[in-house]
Each structure stands twice: as C-alpha cells, then as structure tokens.
1. Would you kindly identify the helices (runs of 4 or more DSSP H) lying entirely within segment 160-260 that contain at least 2 residues that are surrounded by 16 or more Cβ atoms within 10 Å (Cβ to Cβ) and touching a strand residue (DSSP E or B) at 6+ places or on another chain (Cβ under 7 Å)?
2. Taking residue 19 as the residue in question, decide whether it is at pLDDT 95 or above, in the same structural domain as residue 136 (by TED's automatic domain parsing) and not in a strand (DSSP E or B).
3. Does residue 105 satisfy the criteria of being part of a loop (DSSP other than H, G, I, E, B) and in the same structural domain as residue 6 (by TED's automatic domain parsing)?
4. Of the conditions (1) free of Cβ contacts under 8 Å to residues at least 24 places away in the same chain; (2) not assigned by TED's automatic domain parsing to the domain that holds residue 282, residue 211 satisfies every one except a single condition; which number is it?
5. Just one of the numbered conditions (1) more than 15 Å from the chain's Cα centre (by Cα); (2) crowded, with 21+ Cβ neighbours inside 10 Å; (3) assigned to a loop (DSSP other than H, G, I, E, B) is not true of residue 138; which one?
6. Looking only at segment 23-37, which residues are under 23 Å from the mean Cα position of the chain (by Cα) and either over 15 Å from residue 5 (Cα atoms) or not in a helix (DSSP H, G or I) (or both)?
7. Which one of the conditions (1) at pLDDT 95 or above; (2) over 23 Å from residue 122 (Cα atoms); (3) in contact with a helix residue (DSSP H, G or I) (Cβ under 7 Å, 6 or more places away or on another chain) does residue 210 fail to meet, given that it meets all the rest?
8. Return the only residue of 386, 405 being in a loop (DSSP other than H, G, I, E, B), touching a residue at least 60 places away in the same chain (Cβ under 8 Å) and outside the structural domain of residue 237 (by TED's automatic domain parsing).
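The values are calculated or read from the model by the stated rules, or taken from the named source; none is laboratory data. As the structure is a computational prediction, the values presented were derived from the model and not from experiment. Counting neighbours? That spans all protein chains shown, and the Cβs are built from the backbone with ideal geometry, glycine included.
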C-alpha cells in the first residue's frame, strides 16, 4: 500500500519505518528541512533500539523515503497518517494547531479518496475537527480514522511489529477495509485489532495512560506509608501483584514518572473533564502525587546531610526518564539535580545515551562523565535514578574505592539491602527499611 506519514517525530518515524518493513511504500514528510536532510543521510534524531537498522534497511530498499514536499506525499498516498506534535497548552489542554494545519493541507491537495488517520495523541472530538476542516476545502470523498499509538519508549519497534492491540476507530466500511489490509501483516499469529467508534478510540489512548500512571502513583503513595509504618513495599508489591485482578505490572515504586506521554496525557484528560463539567479528582491526585514523588530522594538526602548541601558532591546514575531512551522530557533526574544544586551541592552524572539531551535541560551546571564508575570519584553518595540494565549488577568494590563514603540512594529499589549491608554500604531505597553503615 502507499502510505504517507506527516510528522517525523517519535511516533511518525517509528510508524513509517515499521509500515515500510512489511512491504508498504511509505513517504515520511515534515516541514523541517533540517530533520529531513538528516534522515536522508541516515541520521536518526532519537535513540530507540532497532530503529536505526529498520530505517536504513527500508531506505536502501526504496520502500521508505523522506521529503519536505507535504502536498506530493498527500497526492501519492491512499492512507495519510497525522503524526505531528500536540504539545500541552498553558491550561494543560492539547494544542491542536499542528493537527489542524495538516488537515488544511490535506484538504487543499488531496485529489481523490483518502483515509486520514489521527495517529497523534489527541483529545476526544479531534477527528470531528479534522473532518470539518477537510470538508471545507475539498469535494473529494475521504474518511477520518482514529488509530492511537501504544508504543513504549525503549521498545517501540517491537511494540509496533508485534502489537498487543491495535485500536481502530471508524464507522466507515471502506476505511475499515483499508486499515485492516494495512495492519494484516502484524496480525499473522493472532488478530489483535479492536474496532470501535472514533470517540471511544480517542478516549482509549488517554484512559490507558491514565490508568498506568495511577498505578505508579498509587504504589509510590503506598511506599511512603511503608516507610512510616516499617513495612517493606517489595513484599507488599509481591503480595498484591499475585491477585489476578490486580496483576504484577506497573507496581514498582520509584522517584516518579516522566516522559512525553503520561504527564501530558493526564493534564489533557483533566482539562477535557473540566470542559465537560466532569472533575477528574483521581487524576489530579495522581499528578500531585507524582510531583511530590520526584522530591522523595531529595528529602532522603537532606535527612542525612541537612538542608545545606554546600560542599557535598553527588554522583548520579541515569538521567533519561526511563531506560533505553534519551528522552529527558519531565525526567525526575532534572527535578532532583536542580534541587541539589539549589542547596549548594555539586553533581556529576552518567547515562548510557542521554547525556547529550540532558545538557539541553541542565547545561554545564553539572559534570558529565562517560564512565559509570569514574563518575563516583570522591562523591559523598551515589544516586541511582534511572534503572538502566548496566547499573543492575555493579562492581561494588570499585564503587567503594571511588566514593568518598559508601552511600547509595537507590531510587528504583534495584539493590538488595542485605547485600549492601554485608559490603559496608549505607543504603536508602523507596519504601523499604534503610541500612546505615
């Protein structure tokens, strides 16, 4: 099939590359000449495991092309995906100016029947807006479909190629047939396509992210209570996770969630509730709990060293908001590091891939070290913020030699307190009894 993806950000680039990988002819278009020039040279603007290989393979085969000629992409394709950004406005609502601009361009340049697919995360009712804009600018027939993405950063390529579900919102038989054909190669072992009306599809994306974020904030609240009453959140997590009605996923406490999806989507859903006189009280509490949780490690540090951290030096493992990505958007590390700097501390940090993007957020106010052990040199403590795989089984003897004092603040509960106790470390984690050497 001939597919056009408008927008070469995270969602658009992954979708375009994966559609091409199963044999479709895909043109990814963007108004940014700089971005398109880089993609044409084989330079991938984001870090995502497997994405570079799939882009280069399909570009070399001629199935995947990149262009700034949006009208041409529209004319050459039968299915057009809108995958542009929907940044949050000051009131938390999703800013649809880019989606609306694309809709106008589609209406101006389509020359026959097209399926227009909202792939960006958009509020309920956006498909109606897109449909209205296109109708005003063309006499050609078209269908508007909602097909939200459910990609996890760090596993996006595999999520797309082997989806656990594909949501398609449409009440148009012609559009349904084209979308079914497009997604058929991804359904060989099991048909995971779920059809529904457009508005339900739009809501499903927000509701899914809101539920996952709620589980995280719930467990973070439970971890605080565990600290207060002397319980162990690891045991509590295992206990409640064994209940099949609850399940074991998204029950790990930590230093809060970040990224481009959960915070933005929660605020947008809260705003939608406000606009429809339906207060989203639980989701407001989820957002508030998450903001407090990002300061949890700072509270632990100041309990040990006092509010004035002048002269203290801390080493950080992990800057990205989660492993296997270089995404720093709303990363807990930024909140934690800024709070330490405001209290007079100095910070050195290591991250396997996110140090370059971290410099956009943190600048030269901290030191970036390429070696995960050298970053701990002469530090008063090591702060584990992002649970990259290479941090899971560290060489403790090197840390002991490099750290000024053997202290670890474990923001992801990676390490066994008993092991660190035997090695002479002081260990502070989330919702588990601490050990002070």
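1. Hits in segment 160-260: 173-183, 198-229.
2. Working: at pLDDT 95 or above: yes; in the same structural domain as residue 136 (by TED's automatic domain parsing): yes; not in a strand (DSSP E or B): yes.
It is true that residue 19 is at pLDDT 95 or above, in the same structural domain as residue 136 (by TED's automatic domain parsing) and not in a strand (DSSP E or B).
3. Against the criterion (part of a loop (DSSP other than H, G, I, E, B) and in the same structural domain as residue 6 (by TED's automatic domain parsing)), residue 105 does not qualify.
4. Failed condition: (2).
5. The single condition residue 138 does not satisfy is (2).
6. The answer is 28, 29, 30, 32.
7. (2)
8. 386
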